[in-house]
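S.K.: The structure under discussion is supplied below as structure tokens; questions concerning it will follow.
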Amino acid sequence: MVRNTLEEKAFLRRAIEQFRSISEVRSFPTIMPEIIYMMLQLKDTEQIFKLDDLNMNLEIDNQQKVLELESALDALRELNIHLIHELEILEAEKNVTKEDQETNRQNAERTIPARAIKKHRERARC
């Protein structure tokens, strides 16, 4: 599947950009530039799908669905759906991590005064 239309090229660029975003969030900075460069140089959309699938760990059913679509444009649309979904999951994970950190910070702030009060009471008994 060679890139032919402007719409295909636009979807392909979007898929590569989403792939880049996912790679950055997942902390793959050492391999990411080489893979992104390789993707930009490829002319065969199917090869780009395979690179994306391998590096994004898409479920096999989803990989197969993308590869079995008749047109490159349909495959790119489907791939973009999966990449957007992955970005949404990563964003949700980031939010959960922030909430956990905030909860831990608040718990630590509550614990410190409680320890200080306990120490003060122990000193007062002596």
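The values are calculated or read from the model by the stated rules, or taken from the named source; none is laboratory data. Predicted model only: the values in this text are computed from it and were never measured. Neighbour counts are summed over all protein chains in view; Cβ atoms, including those assigned to glycine, are modelled from backbone coordinates with ideal geometry.
S.K.: Out of curiosity, is Leu79 crowded, with 16+ Cβ neighbours inside 10 Å and of a type outside the set (Lys, Arg)? First the steps, then the outcome.
M.R.: Numbers: crowded, with 16+ Cβ neighbours inside 10 Å: yes; of a type outside the set (Lys, Arg): yes.
Criteria met by Leu79.
S.K.: For Lys94, indicate whether it is modelled with pLDDT of 80 or more and not acidic (Asp, Glu).
M.R.: Details: modelled with pLDDT of 80 or more: yes; not acidic (Asp, Glu): yes.
It is true that Lys94 is modelled with pLDDT of 80 or more and not acidic (Asp, Glu).
S.K.: Still on this structure, I have one more. Being loosely packed, with under 12 Cβ neighbours inside 10 Å and either closer than 25 Å to Thr5 by Cβ or of a type in the set (D, E, K, R) (or both) is the requirement here; does Glu122 meet it? Steps first, please.
M.R.: On the way: loosely packed, with under 12 Cβ neighbours inside 10 Å: yes; either closer than 25 Å to Thr5 by Cβ or of a type in the set (D, E, K, R) (or both): yes.
Yes: the conditions hold for Glu122.
S.K.: Of the residues Phe11, Phe49, Phe19, which single one is touching a helix residue (DSSP H, G or I) at 6+ places or on another chain (Cβ under 9 Å), among the aromatic types (Phe, Trp, Tyr), at pLDDT 75 or above and more than 30 Å from Thr97 (Cα to Cα)?
M.R.: Answer to the check: Phe11.
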